[in-house]
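Down below is the structure, laid out as structure tokens.
Bear in mind that the values in this text are calculations on the coordinates, not laboratory data. None of the values given here were measured: they were computed from a predicted structure. Cβ placement follows ideal geometry from the backbone for every residue including glycine, while neighbour counts extend to all protein chains displayed.
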Amino acid sequence: MTAGPEPATPPSPRRRRGGRWKKVVLASVMLGGLAAFFALGGHRYLTLESLKENRATLLAYTQRHFVTMLLLAFAVYVVATALSFPGGILMSFAVGFLFGRWIGTALVVVAASIGATLAFLSARYLFADAVRRRMGPRLKRMARRFEEDGFNYILFTRLVPAFPFWLMNLVPAFTPVKVRTFFAATAIGILPGSFVFVNVGESLSEIESASDLVSGQTLIALGMLGVLSLAPIAWKRRRTRKLKEKNG
């Protein structure tokens, strides 16, 4: 007679305390990073006026130390995204005029996807268990939908400008969506918008206000791409409904 699987051993009190301390340290690092950013006046540098004033200096330094600036910009973008710093569009804008549309777009897509995934993993590690225990029926339905069609839902939120980027790094963390699904959907979804922002960044001297960054037509086009990203979900539901009707 084959013995059944042994019951899982609950973690010891010492192990639970160690896990709590890791969460406290991680949360402190994230909150401390945000506090330091504002305390040191980082938000004052992430403005269109600041970028335009320092354009010549930044370009000259980048020409002399291209690889160093490329690595620095990549690291800053990853950390800023992971800690949900404001000013993602302006950072993309700066990358555009420093490195050009092609290298700049590649940098933004990869760095933002890595940073977003780090924010996603941090939120899942810190808060997912507590949130899942308190989920009501509506949130449970949303979690099931993300489990079934997570790629398309995340792709939709990345393509449509109405969804704050930092918020959509956190919401999927409370669902069963896989990390590789989150990363892939994020990278593909932010590609069109990143290209737009980086491409406009090359014309820094011609831009007078933040409203000149993108046109209304561009935002509408991105929104339409987002709607199209939901087409597979609609088709899948329609097919499932027809099969149910057919099978009675």
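What to note about this one:
- Modelled label positions at ALA36 and LEU121, each set 7 Å beyond Cα in the direction of Cβ, lie 2.0 nm from each other.
- Distance between the stretch 151-169 and the stretch 48-67 - C-alpha centres, whole angstrom: 31
- Pairwise FRET efficiency - VAL79 versus ARG55, Cβ, R0 = 22 Å, nearest 0.05: 0.45
- At full extension, ASP129 and VAL29 could sit 34.0 nm farther apart than now, given 0.36 nm per residue minus the alpha carbon distance.
- Between HIS65 and GLU147, the modelled labels are 5.0 nm apart [label points 7 Å from Cα along Cα→Cβ].
- Likely footprinting exposure, VAL131, VAL25, VAL109, VAL95, fewest C-beta neighbours within 10 Å first: VAL25, VAL131, VAL109, VAL95
- Gyration tensor (alpha-carbon) shape descriptor, the stretch 22-177, a/c threshold 1.5: prolate
- The packing ranking, built from the mean of other Cβ atoms within 10 Å per residue, places the peptides 111-121, 179-189 in the order 111-121, 179-189, highest first.
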